[in-house]
Amino acid sequence: MAQKDYDIKDISLAAEGKRRILWAERQMPVLTLIRQRFAKEKPFRGKRMSACLHVTAETANLARALRAGGADLALCASNPLSTQDDVAASLVKDFGVKVHAICGESRKRYYQHIAAACKHTPCITMDDGADLVNALHTNMKQYSKDIIASMEETTTGVIRLKAMAKKGILQFPVIAVNDANTKHFFDNRYGTGQSSIDGIIRATDILMAGKRVVVVGYGWCGRGIATRARGAGANVIVCEVDPVRALEAVMDGYQVLPIAQAAKVGQLFITATGNINVIDTPHFKNMQDGAILCNSGHFNVEINLTGLAKMAKKINRGVRELVDEYILPAGPGGKGQKRIYVLAQGRLVNLACAEGHPASVMDMSFSLQALSAEYAMKHPDRFTIGIHRVPEEVDNLVARLKLQAMGIKIDKLTAEQKKYLASSELGT
Ligand SMILES: NC(=O)c1ccc[n+]([C@@H]2O[C@H](COP(=O)([O-])OP(=O)(O)OC[C@H]3O[C@@H](n4cnc5c(N)ncnc54)[C@H](O)[C@@H]3O)[C@@H](O)[C@H]2O)c1
């Protein structure tokens, strides 16, 4: 591959990257089956595709499946801190993917890399957070002419795209992969749950047992994080704005408090709302010395870090890798000063401080991506401009294949049961 076709940290890291990619593959049986079929059927033969996804070993296996299907693939990162540089190197060297991503890249370089993915003039795009689609609607509009459809991986991306559709500015069909059952039930809940706790422990080495952990947002991600934190022995407090979800948290056995109160007692705070400034300046004022803050939501806007920096007398960057220490005046009743720690500059803690979701759960999310792309390629007429669900048959196929790969058999409805369920007359 010509050097102009990629921009990565160091191609000599490829051997380690390949080992990681092949390790992840061992936990991705459904995607492996799809890759093997794609290699025979070539559904994307000669087609240009661009993906803006976290450049991890799991994404690499999706990229391999698309390449096996004949795609000419460009890949950029969906977060400046989530790229695994060795994986990026192997994708270029071993799998012919045009990768534009470097871990720790500046904001400017991040957007240059998105621009490179746009200039690839794709007919299918895959996005995680809608930065690529947004570019293709604004400063990179001229490269969007061939687009048949785009897949969106995450909740925040789907929300952004729905807002674009509502304003009437969306220019092509989008398939909301996030909203498929085999995506958010599993990836958002079990993937984010485990990997967020993993990231926090790797970054801090704190003991979870007995910690007062505040989870802000009890959606799919928040539920997973709260479950895993409790499993590790923490006392979990949940903050919510939605009454039904707050009630669910109460009945799941958590203490539910407004953030203003939780701020006073929490020792570790994890945000997962997809919303802005859910932990804000009045809350920092009331926090205890040593509080640790991190975020699992898509963008680094959930904790008001600009406000925190303004309040701080001093910031000690990198007191440990990916940990910044903010020195603040002590809170109410306290003397002197207190310390607040922020992990990964408020960016996705599971990707920045650990390796993102385990491969086994990404097996489903990325199988959905691959199959949805194939479906859009085969049936472009079925997708009007707007947001579409993953076809039910694709969602069910992924669940069936995953169960099969796990060696789990389930029951089938009998003819009598089908008839009973379809009838309104039969009662007691
Ligand atoms: N870290 C990851 O790898 C990963 C994986 C999947 C999704 N995400 C991201 O995580 C975020 C949450 O996703 P989700 O699928 O759980 O969404 P969701 O919509 O199911 O849940 C979000 C919850 O946050 C609540 N909320 C909103 N504002 C709040 C506030 N001010 N205070 C308290 N609660 C508030 C909402 O009521 C909702 O219940 C999104 O940004 C999504 O893109 C991250």
Practice problem: Select from region 139-155 the residues that are open to solvent by 20 Å² or more (accessible area, probe 1.4 Å) and either within 14 Å of the ligand (Cβ to nearest atom) or part of a helix (DSSP H, G or I) (or both) and list them in ascending order. | Solution: 141, 142, 143, 154, 155
Exercise. Select from region 329-360 the residues that are assigned to a helix (DSSP H, G or I) and over 15 Å from residue 199 (Cβ atoms) and write down the one among them that is least open to solvent (accessible area, probe 1.4 Å).
Key: 359
Quiz item: If you go through region 35-43 one residue at a time, do you hit one that is under 19 Å from residue 182 (Cβ atoms) and free of Cβ contacts under 8 Å to residues at least 12 places away in the same chain?
Solution: yes
Quiz prompt | Single residue of region 228-238 satisfying the filter (in contact with a helix residue (DSSP H, G or I) (Cβ under 6 Å, 6 or more places away or on another chain) and open to solvent by 10 Å² or more (accessible area, probe 1.4 Å)) that is nearest to residue 182 (Cα to Cα) | solution = 228
Practice problem: Please state which one of 364, 377 is surrounded by fewer than 22 Cβ atoms within 10 Å (Cβ to Cβ), hydrophobic (A, V, I, L, M, F, W, C) and in a helix (DSSP H, G or I). | Solution: 377
Self-check item: Subset of region 196-207 [touching a strand residue (DSSP E or B) at 6+ places or on another chain (Cβ under 8 Å) and within 12 Å of residue 292 (Cα to Cα)]
Solution: 200, 203, 204, 206
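Quick grid of which residues meet (1) over 21 Å from residue 363 (Cβ atoms); (2) within 22 Å of the chain's Cα centre (by Cα):
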{"residue": "38", "(1), (2)": "no, no"}
{"residue": "42", "(1), (2)": "yes, no"}
{"residue": "49", "(1), (2)": "no, yes"}
{"residue": "106", "(1), (2)": "yes, yes"}
{"residue": "110", "(1), (2)": "yes, yes"}
Quiz item: Taking region 106-133 as the region of interest, how many residues are assigned to a loop (DSSP other than H, G, I, E, B) and either open to solvent by less than 60 Å² (accessible area, probe 1.4 Å) or not polar (S, T, N, Q) (or both)?
Solution: 7
Quiz item: What tally of residues in region 174-184 results from selecting those that are within 10 Å of the ligand (Cβ to nearest atom) and under 15 Å from residue 357 (Cα atoms)?
Solution: 3
Quiz item: Does residue 175 satisfy being in contact with a Cys (Cβ under 8 Å, 6 or more places away or on another chain), closer than 20 Å to residue 377 by Cβ and surrounded by 17 or more Cβ atoms within 10 Å (Cβ to Cβ)?
Solution: no
Quiz item: Restricted to region 188-204, and to residues that are within 11 Å of the ligand (Cβ to nearest atom) and surrounded by fewer than 22 Cβ atoms within 10 Å (Cβ to Cβ), which residue is nearest to residue 154 (Cα to Cα)?
Solution: 189
Quiz prompt | Residue satisfying condition, being open to solvent by 10 Å² or more (accessible area, probe 1.4 Å) and either at pLDDT 95 or above or within 16 Å of the ligand (Cβ to nearest atom) (or both), within set 207, 161, 136 | solution = 207
Practice problem: Evaluate the following for residue 400: is it free of Cβ contacts under 8 Å to residues at least 40 places away in the same chain and open to solvent by 60 Å² or more (accessible area, probe 1.4 Å)? | Solution: yes
Quiz item: Counting only residues that are assigned to a strand (DSSP E or B) and more than 18 Å from the chain's Cα centre (by Cα), which one in region 210-244 is nearest to the ligand (Cβ to nearest atom)?
Solution: 239
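The values are calculated or read from the model by the stated rules, or taken from the named source; none is laboratory data. Bear in mind the structure is a predicted one, so any value in this text is a computation, not a measurement. FYI the Cβ positions are ideal-geometry reconstructions off the backbone, even for glycines, and counts take in every protein chain you see. To get the accessible areas, we keep the full protein, side chains included, count just its heavy atoms, and leave off ligands, DNA and RNA. Shrake-Rupley method; radii C 1.70, N 1.55, O 1.52, S 1.80 Å.
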